[in-house]
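What follows is a short report on a single structure.
The values are calculated or read from the model by the stated rules, or taken from the named source; none is laboratory data. Because the structure is a prediction, the values reported are computed rather than measured. Cβ sites come from the backbone with ideal geometry, for glycine too, and all protein chains shown count toward neighbours. The area values use the complete protein model at the heavy-atom level, side chains included, leaving out ligands, DNA and RNA. Shrake-Rupley method; radii C 1.70, N 1.55, O 1.52, S 1.80 Å.
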Amino acid sequence: MADIGTLFVISAPSGAGKTTLIKKVLNRFETLSYSVSHTTREPRQNELNGRDYFFISIEEFEQKISLNHWFEWAKVHDNYYGTSKEFIKNSLEKGQSLVLDIDVQGAKQVMALDLDLVSIFILPPSFKTLSQRLENRGTDSKEVIAKRLENAKSEIAQKDLYQYKVVNDDLDKAAKELYSIFKKEMA
Ligand code: ADP
Ligand code: 5GP
């Protein structure tokens, strides 16, 4: 039987660069994959169903809550986000390691389970940079950005729940740090 895979839980305030960093590092590991979440939010222009998220309706999401389908789920910035329990179980049992890109509420649910996991929090160098990155990304309205910045404060306040913290100032440097964590923890 294959060894069980490693579960990486990564959180960050929106705009800190988590998606960019994960994309940069993930394909350097054969046995590490991205856990594609389900969400009820609208797809962004460059997003693909099944690659970035599974975009589903509120009705379907809520039905899956009642069927106990989710490994973890949360309402983030007014939309539902969740991870399929079956997908996690099947992948880990096959020896596949996984990166879960989830918010702090979801990470706390996973940390409360009796599971081995590696938790990482990505920080922006400053609040001002975070705000600039969200604006430069150009994917969200002013109202959505304001909500994401407001949530960022309470998320950053909980960073010490995580084993590792990576500051994403210089992208290459942060990617190297993330790479070292993956490498060490999967050894
Ligand atoms: P998140 O997934 O955490 O919401 P993204 O990965 O979408 O964040 O990054 C937010 C924006 O910041 C994107 O436009 C991205 O290109 C940019 N970005 C990410 N990391 C850096 C960095 N180290 N320096 C400058 N810009 C960055
Ligand atoms: P975005 O809308 O910018 O893609 O993501 C918003 C937030 O939702 C991010 O903090 C991201 O980590 C979180 N998120 C994405 N997928 C999931 C998930 O499956 N569960 C939880 N709890 N949060 C998620």
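Do you know which residues across the stretch 163-187 are open to solvent by 70 Å² or more (accessible area, probe 1.4 Å) and either of a type in the set (Phe, Trp, Tyr) or more than 26 Å from residue 131 (Cα to Cα) (or both)? Scanning the stretch 163-187 gives 183, 184, 187. Here the stretch 122-144 is the region considered, the condition is being out of contact with any strand residue (DSSP E or B) (no Cβ under 7 Å at 6 or more places or on another chain) and within 11 Å of ligand 2 (Cβ to nearest atom), and the residue that is least open to solvent (accessible area, probe 1.4 Å) is 134.
In the set 109, 105, only one residue is over 30 Å from residue 128 (Cβ atoms), assigned to a helix (DSSP H, G or I), within 13 Å of ligand 2 (Cβ to nearest atom) and at pLDDT 95 or above; that residue is 109. What do you reckon, is residue 57 more than 9 Å from ligand 2 (Cβ to nearest atom), open to solvent by 30 Å² or more (accessible area, probe 1.4 Å) and more than 15 Å from the chain's Cα centre (by Cα)? Yes, satisfied. Of all residues in the stretch 21-42, exactly one satisfies the criterion of being within 15 Å of ligand 2 (Cβ to nearest atom) and free of Cβ contacts under 8 Å to residues at least 12 places away in the same chain, namely 23.
Would you point out the residue of the stretch 116-162, among those that are among the acidic types (Asp, Glu) and not in a helix (DSSP H, G or I), that is nearest to residue 102 (Cα to Cα)? Going through the qualifying residues, I end up with 116.
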